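A short worksheet on the structure shown next.
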Amino acid sequence: MKTEAAVIGAGPAGLIAAEVISSKGYDTTVFEEHRHVGAPVHCAGIISVEGFDRLGVPLDDRFYMNTILGGRLYSADGTCLEIRDRKPRAHIIDRGGFDRYLADVAVDSGVDLRTSTRVKDIVFSKKGVVGIKTGDYAVRSEALINAEGPGGRLMTRAGYITGQEGILNGFNVDLSGVDLEPDMVEVWFNDEASKGFFTWVAPLGGDRARVGLASQGDDGYLALRKFIEKRFNVADVPPISAGRVCTGGPVRRTAYPGMLLVGDVAGQVKPTTAGGVVIGGLCSILAGESASQFMEGGKQTSLGWYEGEWRRLYGRELSTMLTLRRLLNGIGDERMSRMFNAFNEEGMGPRIASLIEDGDMDMQAGIIRRAFMDPVLLGVMAKVVGRVLLSEVLSFFQIG
Ligand SMILES: Cc1cc2nc3c(=O)[nH]c(=O)nc-3n(C[C@H](O)[C@H](O)[C@H](O)COP(=O)(O)OP(=O)(O)OC[C@H]3O[C@@H](n4cnc5c(N)ncnc54)[C@H](O)[C@@H]3O)c2cc1C
């Protein structure tokens with residue numbers, strides 16, 4: 001078969017890119033290995049309020065669940081730092097419903113969505129990528145959008161090592177019958193349970209919560225069960241879903257002749273929180289525009305515009321967040337607890353809250369920079385964490 005644009009994967013990145021290309025009048029086909037879009041779900045579903053505006057997606061009853069104002073951060077010794085905003089900061093969504101909503105929008109724009117169709121290979125010629133192969137047939141494409149998700153199995157199989165780093169094992173489960181504040185997320189730092197990341201509790205409304213963690217270790221599943229037993233006294237835990245979480249920043253290359261990488265496979269994910277729906281979605285809009293320009297201009301244009309443009313807009317944001325992620329990974333439970341205690345002793349909760357209140361949940365570089373420019377905050381961190389650990393951050397911001 002032939003299609004002008006082929007898209008691997010019906011996650012948010014693939015669906016958003018497909019809709020952009022199809023809306024411009026190009027034949028666009030999405031190939032999704034699962035029988036249904038949006039299943040299985042492995043996502044906490046926390047999306048910033050501004051993220052919806054940026055993506056141009058209205059809040060819809062098909063996926064909206066709850067709105068949150070802030071968070072309670074806990075260090076391993078149980079010290080709590082509360083950061084509460086006056087305005088809504090994030091919405092919690094049903095990710096399956098969200099992906100199905102995006103699929104409906106894409107199909108309405110003319111996209112041919114083929115579920116239960118696994119792409120087995122990316123087909124290369126001397127000129128570059130010319131299509132894909134499913135188990136049953138080959139597909140020729142002018143532009144291929146690879147949105148296959150974290151890890152890039154197809155890229156690796158094709159001999160392209162993307163160099164994606166910092167992929168952790170993530171686990172998630174929805175609980176009911178639990179008691180928690182309706183508009184605050186909980187974030188628990190504890191290396192034993194979630195080394196290299198954290199454990200989260202997101203209120204879903206009523207007595208329901210979504211609880212999960214990501215970890216560098218291979219015992220995250222058991223760690224999550226243990227956390228749930230301790231935090232909620234629930235022994236009968238419903239089935240836990242597992243997925244991969246990206247915290248290592250972008251891959252080295254995302255534009256190849258005939259092919260663009262978008263979303264998790266490109267590492268377009270915030271290394272601080274592993275949120276990839278918004279930033280991956282924004283990059284997918286650019287990929288869709290780039291592929292459309294390429295098909296319109298033929299040999300006069302190149303898909304390379306995409307690589308330069310998304311890095312220009314979001315590259316610095318991602319590298320700033322990656323610098324903070326590396327610092328957090330090096331701190332360890334004991335120093336983190338001391339830092340939280342020092343923050344509380346200095347009454348810094350409101351100071352941090354006001355930094356975050358003025359900041360942006362997706363483009364976090366501004367908040368991070370302001371935090372490290374704040375003499376009181378920096379003083380506490382230097383005293384507790386030590387300048388050696390802070391050195392990468394300080395040199396990143398060229399702070400003496
Ligand atoms: C536990 C967990 C919690 C998370 N929480 C959040 C959160 O709260 N907020 C947030 O913004 N992000 C969160 N994320 C990250 C978010 O889920 C990803 O950033 C996002 O899904 C990336 O979208 P994508 O389209 O690039 O990839 P995916 O959503 O992974 O979609 C890739 C699609 O490609 C399909 N596919 C793969 N290979 C093939 C193939 N060979 N042929 C056909 N189809 C194929 C897959 O089936 C899948 O449908 C979380 C991730 C995990 C694991």
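Read-outs throughout are calculated quantities, based only on the coordinates presented, and are distinct from any laboratory measurement. Remember, it's a predicted structure, so these values are computed and weren't measured experimentally. Here Cβ is always computed from backbone atoms with ideal geometry, including for glycine, and neighbour counts include all displayed protein chains.
In debye, nearest 20, what is the charge dipole magnitude of the chain about its Cα centre with +1 on Lys and Arg Cβ and -1 on Asp and Glu Cβ, if you could check?
My answer is approximately 1200 debye.
Sort 183-194, 368-379 by the packing proxy (mean of other Cβ within 10 Å over each peptide's residues), most packed first.
Ranked from most to least packed, the peptides come out as 183-194, 368-379.
Among L318, L286, L303, which residue has its Cα positioned farthest towards the positive end of the charge dipole of the stretch 281-322, with +1 placed on the Cβ of Lys and Arg, -1 on the Cβ of Asp and Glu, and the dipole taken about the Cα centre?
Checking the options against the dipole of the stretch 281-322, the answer is L318.
Mind checking the dipole of the stretch 321-400: about its Cα centre, +1 per Lys or Arg Cβ, -1 per Asp or Glu Cβ, Debye to the nearest 20?
300 debye
When a footprinting reagent is the concern and you count Cβ atoms within 10 Å, what order do Y221, Y256 take, fewest first?
Placing the least packed residue first, the sequence is Y221, Y256.
When the dipole is taken about the Cα centre of the stretch 148-266, and only Lys, Arg (+1) and Asp, Glu (-1) are charged at their Cβ, what size is it in debye, to the nearest 20?
My answer is approximately 600 debye.
Assuming R0 = 35 Å, can you tell me the calculated FRET efficiency for the pair D360 and N233, based on Cβ-Cβ distance, to the nearest 0.05?
For D360 and N233, the calculated efficiency is 0.40.
Based on alpha-carbon positions alone, could you give the equivalent ellipsoid semi-axes of the chain from the gyration tensor, as √(5λ), descending, whole Å?
Calculated on Cα positions only, the semi-axes equal 37, 24, 19 Å.
Quick one: angle between helix 349-358 and the longest Cα principal axis of the chain, in degrees between 0 and 90, rounded to 10, please.
Result, in degrees: 30.
Averaging sequence separations of C-alpha pairs under 8 Å and six or more residues apart, then dividing by the length of the stretch 320-396, give the relative contact order as a whole percent.
49 percent.
Hey, if you drop one equal point scatterer on each alpha-carbon of the stretch 321-379 and run the Debye formula without solvent, what base-10 log of I(q)/I(0) do you get at q = 0.15, 0.20 Å⁻¹?
-0.48, -0.87
Considering amide H positions built from the backbone, and no H for Pro or chain starts, which residues 5 or more places from G131, or on another chain, come under 5 Å of its amide H?
Amide H neighbours of G131, under 5 Å, 5+ apart: V123, S141.
Please work out how much length the chain gains when fully extended from V49 to R244, using 0.36 nm per residue of separation minus the C-alpha to C-alpha distance, in nm with one decimal.
67.8 nm
Separation between the D108 and K226 pseudo-spin-labels, each 7 Å from Cα along Cα→Cβ, expressed in nm?
Label at D108, label at K226, 4.8 nm between them.
Taking the Cβ of each residue in I47, I161 as the centre, tally the other Cβ atoms inside 10 Å and list the residues starting with the fewest.
Listing I47, I161 from fewest to most nearby Cβ atoms yields I161, I47.
Given contacts defined as C-alpha pairs under 8 Å and at least six residues apart, what's the relative contact order of the stretch 166-300, whole-number percent?
It rounds to 22 percent for the stretch 166-300.
Placing one identical point scatterer on every Cα of the stretch 167-246 and ignoring solvent, what is log10 I(q)/I(0) from the Debye formula at q = 0.16, 0.22, 0.23 Å⁻¹?
At q = 0.16, 0.22, 0.23 Å⁻¹ the computed log10 ratios are -0.52, -0.97, -1.06.
Would you list T29, T199, T156 from fewest to most Cβ contacts within 10 Å?
Ordered from fewest to most neighbouring Cβ atoms within 10 Å, T29, T199, T156 come out as T156, T29, T199.
Calculate the spin-label point distance for R118 paired with E181, positioning each point 7 Å from the Cα along the beta-carbon direction, and give it in nanometres.
Those two pseudo-labels are separated by 4.5 nm.
For labels at E82 and L313 in the simple 7 Å Cα→Cβ model, what's the distance in nm?
3.8 nm
Rounding to the nearest 10 and keeping the result within 0 to 90°, find how far the Cα-based axis of helix 387-396 lies from the longest principal axis of the chain.
40 degrees
Which residue fluctuates most in the GNM of the chain (Cα springs below 10 Å): L313, L213, L73?
Its mean-square fluctuation being the largest, the pick is L313.
On a full-extension model of 0.36 nm per residue, what is the gain between D333 and K133, subtracting their alpha-carbon distance, rounded to one decimal in nm?
67.2 nm
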